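Structure, as structure tokens:
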Amino acid sequence: MSTDYRIAVDIGGTFVDAVELDMATGAFRFEKAPTTPAAPAEGVLDAVGRLRESLSDVSMFIHGTTLGLNAVLERRGAKTGIITNDGFRDIFLVGRGNVPDAHMYDFQYQRPESLVPRRRIAGVVGRLDYKGREITPLDEDGVREAARLLVQDHGVEAIAVAYLFSFRNPAHEQRSAEIIRAMYPQVKVSVSSDITREHREYERTSTTVLDAYIRPIFERYIDELRAALSTRDFEGRFAIMRSGGGAMSAQAAKTSPTQTVLSGPAGGLVGGALIAEILERPDLVTFDVGGTSLDVCLIEGAVPQIAHEAALENLPLLIPTYDIRTIGAGGGSIAAMEAGLLKVGPRSASAVPGPICYRRGGTEPTVTDAALVLGYMDPESFLGGRMTLDADGAREGIEAQIAGPLGLDATQAAARIYDVMVAKNIGAVRQLTVERGRDPADFSLLAFGGAGPLIAPLVAREMGLAECIVPLLPSGFSAWGMLGADIVDDFAQTDLTVLGQGDLSTVADKFAQMEAEAAASLEAQGVGAGDALMERQLELRYLGQEHALTLTVGATLDEADLTARFADAHRALYGHAMESPVQVLTTRVRGIGRTRKPTMVKADAPATSPAMPAPTATRPAYCFARREMVDFAVYARDTLPAFAAFHGPALVDEGTSVTVIHSDQAVEVNAYGHLVITQEGDAA
């Protein structure tokens, strides 16, 4: 019988996670390797090589990458130019004129240097009106001169083409792109109407600029990785995760790299949706703590929340993305004293030099160092014993830089680091629940990422959440989730039809056109017609409003039904509805190519409760229920049988992560092997 293995690889701030799944049995293997920021493909290949040398029997390789994101954050993308309408060179530079929330009261705030300086922005004659009708013909000689100026005088590697109202009529943009590519075939050209057909010229221009900025390095990376995989006999499907869920072929990703820039946490959300469905826990808060950050997202009705606009370095991106709250609070977050106060994050030790305990040259204490001092981690068994941690160095760093200024001992100082970390984590969870009218007690906390199980039970305890679930393989859960990703492509078109004042047949025509485009895209990515599914959505708003609400719709559109459903949604979110006309802002189609999902082996319930294995060790660790060091029982996770139950204080060690259960918490291993942690009351 032929084998069907799949491999998923997720690059984090500190480690690369690789998961191999046997699709026939559901069995999986997991490996980690250090992240290599200077040469990302090396870390990927190292992690994959630890799983297997030959990839000849791997049918699918799926990859979540932060390459585009890091290129923007570190300002090392391609040298980029912009061609826009004559007289509108400053659209990208002026933006919305707003100040980021974090600097709202900072009267000395200065915007960071633009990705594209004004000298590399050229205007050409040619205009369309708001309905896409030509007012002034495109000056093709002007396009040629603009391209010559940008390429020959300024040496740009990529050009973003963004004209007013091109979402209505892309003719001028498409012709400009043809001219530029004919003159300079080596230059990458990003065209706004190819990337997003939505209104708001600044947001559309920003999205196109970011696409152009990361496209050359992204294409080189994908080609380099594909070539390296080929040397290991890989001939299967190569896919890249998308920011808004699902995956796309590597070839499609090369032509639309902006769809990948926020894909880092996406695998965990896909996995979270699978967990929500399988465990019949439709409402979850995903809690992904890696080396540099915490990513939090709501899953309601087993569906992760999606937004259709994101921001990267305060630059808007008109792409579908999971509605994630990210804060700089990960295992590598640096603890430091500032103006007499203890601060944790957002600075991170990252992979290089890493926490003090990694012995790679790190000199500032981190959350990981605090966890080691608090007794949660065994310095001899980290990463399954492949890496020995420097417990003395971590303690000395905390003593000198944190404990001394606070007048505490090292253990108390490490507990304070945790207190600050947990407070930040709770703030992120509250943003997604309380501030949106949701009661946190109605949600379960799904903890994953290398540091998630270290911290999440304490967050659940402090917030009064129903339970904390730690899935199998929490450190590699995002990579595991990627294995369940469908092939997805999104299409959108600004509409502006007012219900009751226009003909909805035009909206239906737009849906039909976009569904044809989605079907063609899925077919090009190897999805058969029988596996393709189309999902229609409308963004609606009251006429005159800025923001819209999204409704999923069927094949038949009824104005009265849409108006009533929108009023119900508006009332549920804002507490009221209005009598104003309702306007269709955007029509959206998501094409979904269904793939086989990973299976989870479910154990049968035994007649009697299974016997608990003996702890592998007992060691002192800090219990936040008692605020003191106590003896914790240590269990190896792979020895815990399904339906086993035990009480804290306990540590569940699986080499790449540790779950901390405090004295007033209890644990049950469910039928699938996931840990379900609940609150018991006062600490014993």
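Summary of values
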read-out: Calculated FRET value between Thr231 and Glu559, using beta carbons and R₀ = 41 Å, to 0.05; value: 0.10
read-out: Cut-off under 5 Å, modelled amide H: who pairs with Ile334 long-range; value: Gly345, Arg347, Ser348, Ala349
read-out: Protection proxy ranking of 107-115, 492-500 - average other beta-carbon atoms within 10 Å, highest first; value: 492-500, 107-115
read-out: In segment 365-456, GluC sites (Glu not before Pro) in a DSSP loop with at most 10 other beta-carbon atoms within 10 Å; value: Glu380
read-out: For segment 617-679, size of Cβ-based charge dipole, Lys and Arg +1, Asp and Glu -1, in debye; value: 120
read-out: Equivalent-ellipsoid semi-axes of segment 1-144, from the Cα gyration tensor, Å, largest first; value: 46, 23, 15
read-out: Cα-based radius of gyration of segment 293-395 once divided by 2.2 N^0.38 Å, which approximates compact folds; value: 1.36
read-out: Within the chain: Cβ-based charge dipole about Cα centre, in debye rounded to nearest 20 (Lys, Arg +1; Asp, Glu -1); value: 1160
read-out: Rg over Rh, two decimals, the chain (C-alpha only, Kirkwood Rh); value: 0.98
read-out: Dipole moment magnitude, nearest 20 debye, segment 18-76 about Cα centre, only Lys, Arg, Asp, Glu C-beta charged; value: 240
read-out: P(r) tail fraction, segment 488-593 - alpha-carbon pairs more than 22 Å apart, %; value: 34
read-out: Kirkwood estimate for segment 78-218, i.e. one over the average of 1/r between Cα atoms, Å; value: 15.4
read-out: Ala171-Ala38 pseudo-label distance in nm [points 7 Å out on the Cα-to-Cβ vector]; value: 5.3
read-out: Between segment 2-78 and segment 369-423, the Cα center-to-center distance that results, in Å; value: 30
read-out: ³J(HN,Hα) computed for each position of segment 360-372 - Karplus, 6.51 cos²θ - 1.76 cosθ + 1.60, integer Hz, glycine/proline x; value: 10, x, x, 10, 10, x, 10, 4, 4, 4, 5, 4, 5
read-out: Subset of Lys131/Lys510; Lys79/Lys188; Lys188/Lys510 violating a 20 Å alpha-carbon distance limit; value: Lys188/Lys510
read-out: Relative packing of 477-486, 212-221, which averages over residues the other C-beta atoms within 10 Å, highest first; value: 477-486, 212-221
read-out: For segment 219-296: span of alpha carbons on each principal axis (Å, largest first); value: 42, 26, 23
read-out: Amide H within-cut-off set for Arg359, under 5 Å, with H built and near neighbours excluded; value: Asp390
read-out: Rounded D (µm²/s) - segment 546-684, Kirkwood Rh over Cα pairs, Stokes-Einstein at 25 °C, 0.890 mPa s; value: 122
read-out: Peptide ranges 619-625, 359-365 listed from the most packed, as the mean C-beta count within 10 angstrom indicates; value: 619-625, 359-365
read-out: Stretch gain in nm, segment Glu309-Thr639, where the contour uses 0.36 nm per residue and the Cα spacing is subtracted; value: 114.3 nm
read-out: If the convex hull is drawn through the Cα atoms of segment 617-679, its volume per residue in Å³; value: 74
read-out: Burial ordering of Val156, Val285, fewest other beta-carbon atoms within 10 Å first; value: Val156, Val285
read-out: Selection of GluC sites (Glu not before Pro), segment 542-582, meeting DSSP coil and at most 14 other Cβ within 10 Å; value: Glu546, Glu579
read-out: Computed over the chain: relative contact order in percent, which uses C-alpha pairs under 8 Å that are six or more apart; value: 11
read-out: Space enclosed by the convex hull of the alpha-carbon atoms of segment 261-333, per residue, Å³; value: 80
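Since every read-out is calculated from the coordinates, none of them should be taken as a lab result. Keep in mind that this is a model prediction, so the values were computed, not measured. FYI the Cβ positions are ideal-geometry reconstructions off the backbone, even for glycines, and counts take in every protein chain you see.
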